[in-house]
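Below is one structure, written out as structure tokens, with a few remarks after it.
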Amino acid sequence: MIENLALFGIPLANATPFLSFPVLGMAILSCILIYLAVLLIGQLRQIAALEHLQKIELKNLVERSELRLKAINLELISERGAWRGLRKFEIQKKVIEDTARSICSFYLVPHDGKPLPSFRPGQFLTFHLDIPNNPDTVRCYSLSNDPNDSEAYRVSIKKIPAPKDKPDLSPGLSSNYFHSLSEGTFLDIEAPAGDFYLDIEKDNPVVLIGGGIGLTPVYSMLSYIIGTNPDRETWFFYGVRNGDEHIWKEELNQFRSHPNIHIIICYSNPNETDKYEIDYDVKGRVSVSLIKEKLLINGNNYEFYLCGPPPMMKSIISDLDNWAVPTEHVHYEAFGSASIVKEEQATHLANNETYEIEFVRSGKTLLWDGGDKNIWNFAQKHGLILPKGCGAGNCGQCKTAIRAGNVQYPKKPSKRIEQGSCLTCCSVPKGDLKLDA
């Protein structure tokens, strides 16, 4: 071929392009194959990524289904074993929980030997106590153990002394009575109840806050999370004055072993023997500023559950509102007869309008001016004696029939009330009111 080209006077150098045709073809073919390989690898990566996402979605679906099944199972066990009216329980065991010997846990087992129904973490028991000179005293105490514990209920009760500034006043009636009871004593108890409880169907991050003996319902929530879903991001803030009041220290330290469970202990006034970073983590009170510091992200991502003394509750609820945490993400319960109401809500309810409240059976018509926090206090101030139990809208002992008019509740009571009745311990009139009292 080359010789033929030379015969026609074509320089051999010009023959080089003709010689490179096979090489060029191979180069083009290689580029095409590389391009196809890149496309194929890209498609394989997309398929792998899609499969990975599908696996994650399937895993999340399974986890949500498991949570839902656990919730349904807990609800079925609760409803199947729940009882109407009163049921006798025996104090199986008493345990002093703090070095100050002011908090005692009571382990309660059913006297009839039948299965113990579960409960929602955060709920309470209602006790009908036969206290000398105060028969059928009704009080509610939060359950402090894991709902999955099937052997006994546990309530942990702080003995309330007389106020320091008013030593002549009587100490807490029911709490001191409880502390005087011995193992083997029988008690009349209503089934677990209350609307303050952990939403166990969710898997979103939660912040649990307990102040003093208000620890009990949120400790039950924490115990449930540890036992059923320890991977759920959980922040647990517990505030007390010092180590004398710190209960379940060993258990809380054991919970720290779970990477997604964060325990923050706050001492507002540590003793000299209390050791920083051993007994407690923060010197000071539980506050929203502390919570912000620990969480480092917007509080909208969290569900908040809190229980404690009124000053702490009022401060935290107000600050959470200022932090723009949605109202539906904040769940709380104030122990005792405390009522925690947002400032704007309280202003709305105490609008200085005057209403007539007629107490039919007492034969009195009185003028409500918005100066009392509830109807029961208003009646007591005017010398009327109305029935009362827990004073927090939990037990229903103050239920009174409404003959005319309507009431409103600064905070929704836990006890379900049928139409035509009200709980005087936690309601205020909505206008002129006539009560069968």
Checklist entry - Excluding same-chain residues fewer than 8 positions from K412, which aspartates and glutamates have a Cα within less than 15 Å of its Cα? => result D195, E328, E333
Checklist entry - What order do you get for T228, T126, T216 when you list them from fewest to most C-beta neighbours inside 10 Å? => result T228, T126, T216
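How do L320, L222, L33 rank when sorted from fewest to most other Cβ atoms within 10 Å of their own Cβ? Intermediate results must be reported in sequence, preceding the final value.
Working: L320 23, L222 27, L33 10.
Least crowded to most crowded, the residues run L33, L320, L222.
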Checklist entry - Pairs K314/K381; K159/K292; K88/K415; K202/K249: which are spaced more than 23 Å apart, C-alpha to C-alpha? => result K314/K381; K159/K292; K202/K249
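So for S223, S142, S170, fewest C-beta neighbours within 10 Å to most, what's the order? It would help to have the intermediate numbers written out before the result.
Working: S223 20, S142 28, S170 11.
Least to most surrounded, the residues fall as S170, S223, S142.
Are there GluC sites (Glu not before Pro) in the stretch 176-276 that DSSP puts in a loop and that have at most 12 other Cβ atoms within 10 Å, and which ones? Walk me through the intermediate numbers first.
Numbers: sites: E183, E190, E201, E233, E245, E250, E251, E272; in loops: E183, E201, E233, E272.
The qualifying sites are E183, E272.
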Checklist outcome for this item: In order over the stretch 310-316: 3J(HN,Hα) from phi, Karplus 6.51/-1.76/1.60, θ = phi - 60°, whole Hz, x for each Gly or Pro, gives x, x, 4, 4, 4, 5, 5
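Between rounded, prolate and oblate, where does the stretch 350-435 land on the alpha carbon gyration tensor, with a ≥ b ≥ c its root eigenvalues, rounded for a/c under 1.5, else prolate if a/b exceeds b/c? Before the final figure, lay out each step's value.
Details: a/c = 1.41, a/b = 1.28, b/c = 1.10.
It is rounded, given that a/c, with a ≥ b ≥ c, falls under 1.5.
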Checklist entry - Can you work out ³J(HN,Hα) from phi for every residue in the stretch 407-418, in order, using Karplus 6.51 cos²θ - 1.76 cosθ + 1.60 and θ = phi - 60°, giving whole Hz and x for Gly and Pro? => result 10, 9, 10, x, 9, 4, x, 6, 6, 6, 10, 6
Checklist entry - Around V407, which amide H atoms from residues at least 5 apart in sequence, or from another chain, sit under 5 Å from its own amide H, with H modelled in the peptide plane? => result K430
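Report the GluC sites (Glu not before Pro) located in the stretch 353-437 that are in a DSSP loop and have at most 13 other Cβ atoms inside 10 Å of their Cβ, or state none. Can you show the working numbers first?
On the way: sites: E353, E356, E358, E418; in loops: E353, E418.
Passing both the DSSP loop test and the Cβ count: E353, E418.
Can you list the trypsin sites (Lys or Arg not before Pro) in the stretch 77-155 that are in a DSSP coil and have 13 or fewer other beta carbons within 10 angstrom? Don't skip to the answer; put the middle values down first.
Details: sites: R80, R84, R87, K88, K93, K94, R101, R139, R154; in loops: R84, R101.
Within the stretch 77-155, the qualifying trypsin sites (Lys or Arg not before Pro) (loop, at most 13 other Cβ atoms within 10 Å) are R84, R101.
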Checklist entry - What residues have an amide H closer than 5 Å to that of C390, excluding those fewer than 5 places away on the same chain, when H is modeled at 1.01 Å from N in the peptide plane? => result C395, G396, Q397
Next on the checklist: Over the stretch 169-238, what is the relative contact order in percent, taking alpha-carbon pairs closer than 8 angstrom and at least six residues apart?
Outcome noted: 33 percent
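No lab work stands behind these numbers, since they all come straight from the coordinates. It should be emphasised that the depicted structure is a prediction, and the values quoted were computed from it without experimental measurement. A quick note on method: Cβ atoms are made from the backbone with ideal geometry, for glycine too, and the neighbour counts reach across all protein chains shown.
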